[in-house]
Structures are given as structure tokens and as C-alpha cells.
Amino acid sequence: MTQLPPPLNLHDERRNLCWRSQGHGPPVLLIHGSAPPVWGTLPGQIASFARVIEYGRRGFSGSTGEQVRSLREHADDAAWLLESLQATPAVIVGWSIGGVIALDLALRHPQKVSALVLLEPPLHAKKHPSPTLLNGVVLSILWGAMAGAARGGTRFSRWVFQETDGRNALDRLAEGDKAAFAADAAAVGHEIRLGTGEELTPASLAQVAQPTVVLVGGRSRKFLREGGHRAAKAVANGRLQTMDGAGHFLQLEAAAPIAATVRELLNSANH
């Protein structure tokens, strides 16, 4: 795996974000999901043609500060980070709930975002409940309330990464990434109570004008694929692509196509 320098820190009275960057050129910001920022080789591939910035959202992977009460606060953190690093406008790659955060960022801070690449954003999943979704999310929340946020977060992670063939993608992770999931389990347990972007109405999402590519995996849970479809349809310039052989770790299993999509969007912005 690509070796990166130790994280740097930026802080104000509410937040203390750990971040790191590599490469030169137009900026690309990676926003992780309800999980640690596990990106595999994707940052290194993007760094061959752009400046790529990784960070831990507040509460994850060394980033601290006041506990957020809504996903919107994470979008504001991302806007603050981009401004602080003089990295605007940026292509935003948002994975899972990070994709929902990316949509909010593009909507409320449009001057900071040039394009979006969304990896299975579970947009409005809460509005489309199913027995399987209720089992995964509601029972994880209840388990967290009874046994602690970390236990709830661990249960949710085991559920969400279950694939259509019965295997669990978490079992294929490197040991260091498994340790990162264990360390961020409490943050996951807290975050799953914050919804799936219900504050982003269809009318507001239609105002997201940046070019948007949504990728979904053929082996992922149905609610993730459905959320991706909703996101692609909701924005003004959305395009959907299915990666048949991938699951919810799209960034690990389809890094090259994702990097190519980022390059394509950057090239389009320069013409």
C-alpha cells in the first residue's frame, strides 16, 4: 500500500481535523463513509495527476472536536477544510454516507465544488425502509443503546458489508484496516443515528448543478444500490455506472476506474 506522511492537523473552536495530501495539480477531496477513511491505492492513483486530500471526519481516525448532531456539520467541516487548504474548487469523491455529505457540500457551498464522484451514497434510505434495512440499522442502534456505541457500530459494519453472495467484505481487509474499524466503531455507532440526508429535499437536490458520477457495486446490499440510483436521478447532471464485480468497498475493488472518472471530470472542467 502507498506510504503517506503522518496526518497533519487543522483546528478551530469546534473541530480538530487530521488530514494529509499528496500529488500536485487540481484538488480532489476524499470524504469517507460511516467507517474509517479506508481508500487503498486510490489516493496514490489520483495523485499521479492531481492533488488528493484525505481526512478523518470529526470523531473518526484521530479527528476530534464537538460531537456532531447532523450530517450537515460534516459538510461544513469539509468546506472549512477546503478553504483552509486553499483547495477550491475541488472534485469531491464521497463514499457511502460521505456521498450524502458531498451532495450537501455541493448544494450549500457550490463555489468550493467542481464535480462529484459518489460511491454508493445511501441517499434517503430512511424514507424507503425494508425489513432487511430495519434489521441492519434499527437493531444496531438499539444494540448500541444497550451495549455501547462501539458494539452498535461493529454490528452495523458487519451488516452493511455483507454481500449478495453471502461473503463479508470486512473479512478481506488488511489487518491494519480491520484495526481502524475497531478504533472507529463508536463513531460509527453514533453516526448511524443521523439519518441518510433527509434534509436534502428533491427540490434542493435538483439545484446541484456540478457534473456528478454515481457508482454502485453489483455485489452490494440493495439499499446502497437504490440510494445510488436516487442520487443520480436527483441532481441536474447525474450519471450512473454499475461495477458488477464490486461490493461496498468500491474504492478498493475498482480504484482504477474511479481514478479514471476523476481524471475525466478534471479534464472536462479544463475545456
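The values are calculated or read from the model by the stated rules, or taken from the named source; none is laboratory data. As the structure is a prediction and not an experimental result, all values here were calculated from the model. Note that each Cβ is placed from the backbone with ideal geometry, even for glycine, and that neighbours are counted across all protein chains shown. Accessible surface is based on the protein model in full, side chains and every heavy atom, while ligands, DNA and RNA are left aside. Shrake-Rupley method; radii C 1.70, N 1.55, O 1.52, S 1.80 Å.
Between Lys127 and Ala145, what is the label-to-label distance in nm when each label sits 7 Å out along the Cα-to-Cβ direction?
Going from the Lys127 label point to the Ala145 one covers 2.5 nm.
Give me Rg over Rh for the range 103-181, both radii from the alpha carbons and Rh done the Kirkwood way, two decimal places. Walk me through the numbers before you get to the answer.
Values: Rg = 15.9 Å, Rh = 15.0 Å.
In the range 103-181, Rg relative to Rh is 1.05.
In the range 113-140, whose amide N lies under 19 Å from the spot 7 Å out along Cα-to-Cβ of Ala269? List them in ranges.
113-119
Count charges around Gly23 for me, please; just the other residues with Cβ under 15 Å from its Cβ, Lys/Arg as +1, Asp/Glu as -1.
On the way: positive: Arg20, Arg51, Arg263; negative: Glu54.
Net of charged neighbours comes to +2.
Where the Cα atoms of the chain are projected onto their three principal axes, how long is each span, largest first, in whole Å?
51, 37, 34
Report the local net charge at Ala169: Lys and Arg +1, Asp and Glu -1, summed over other residues whose C-beta lies under 13 Å from its C-beta.
Every neighbour counted, the sum reads 0.
In the range 101-157, what percent of the accessible surface is made up of carbon and sulfur (1.4 Å probe, ligands and nucleic acids excluded)?
On the way: 1600 of 2400 Å².
Ligands and nucleic acids excluded, carbon and sulfur give 67 percent.
Label Gln207 and Leu10 with points 7 Å out from Cα along Cα→Cβ: what is the distance between them in nm?
2.5 nm
Keeping to pairs on different chains or 8 or more places apart, tell me how many lysine pairs in the chain have Cα atoms under 25 Å apart.
Values: Lys112/Lys233; Lys126/Lys222; Lys126/Lys233; Lys127/Lys222; Lys127/Lys233; Lys178/Lys222; Lys222/Lys233.
Lysine pairs satisfying the spacing and distance rule in the chain number 7.
So if we plug the beta-carbon distance of Leu240 and Arg20 into 1/(1 + (r/R0)^6) with R0 = 35 Å, what FRET efficiency do we get, rounded to 0.05? All intermediate terms of the calculation are to be shown ahead of the outcome.
On the way: r = 31 Å, r/R0 = 0.88.
After rounding to 0.05, the efficiency reads 0.70.
How large is ³J(HN,Hα), in whole Hz, for each residue of the range 15-32 in order, when computed from phi with the Karplus curve 6.51 cos²θ - 1.76 cosθ + 1.60 and θ = phi - 60°, using x for Gly and Pro?
Coupling constants for the range 15-32: 9, 9, 9, 8, 8, 7, 9, 8, x, 9, x, x, x, 9, 10, 9, 10, 7 Hz.
What's the extension gain from Arg158 to Lys178 if we count 0.36 nm per residue and subtract their Cα-Cα distance?
Details: separation 20, 0.36 × 20 = 7.20 nm, distance 1.15 nm.
Length gained, Arg158 through Lys178: 6.1 nm.
Can you work out ³J(HN,Hα) from phi for every residue in the range 241-246, in order, using Karplus 6.51 cos²θ - 1.76 cosθ + 1.60 and θ = phi - 60°, giving whole Hz and x for Gly and Pro?
9, 9, 9, 4, x, 10
Can you divide the C-alpha Rg of the range 1-92 by 2.2 N^0.38 Å and report the result to two decimal places?
On the way: Rg = 12.5 Å, N = 92, 2.2 N^0.38 = 12.3 Å.
That ratio works out to 1.02.
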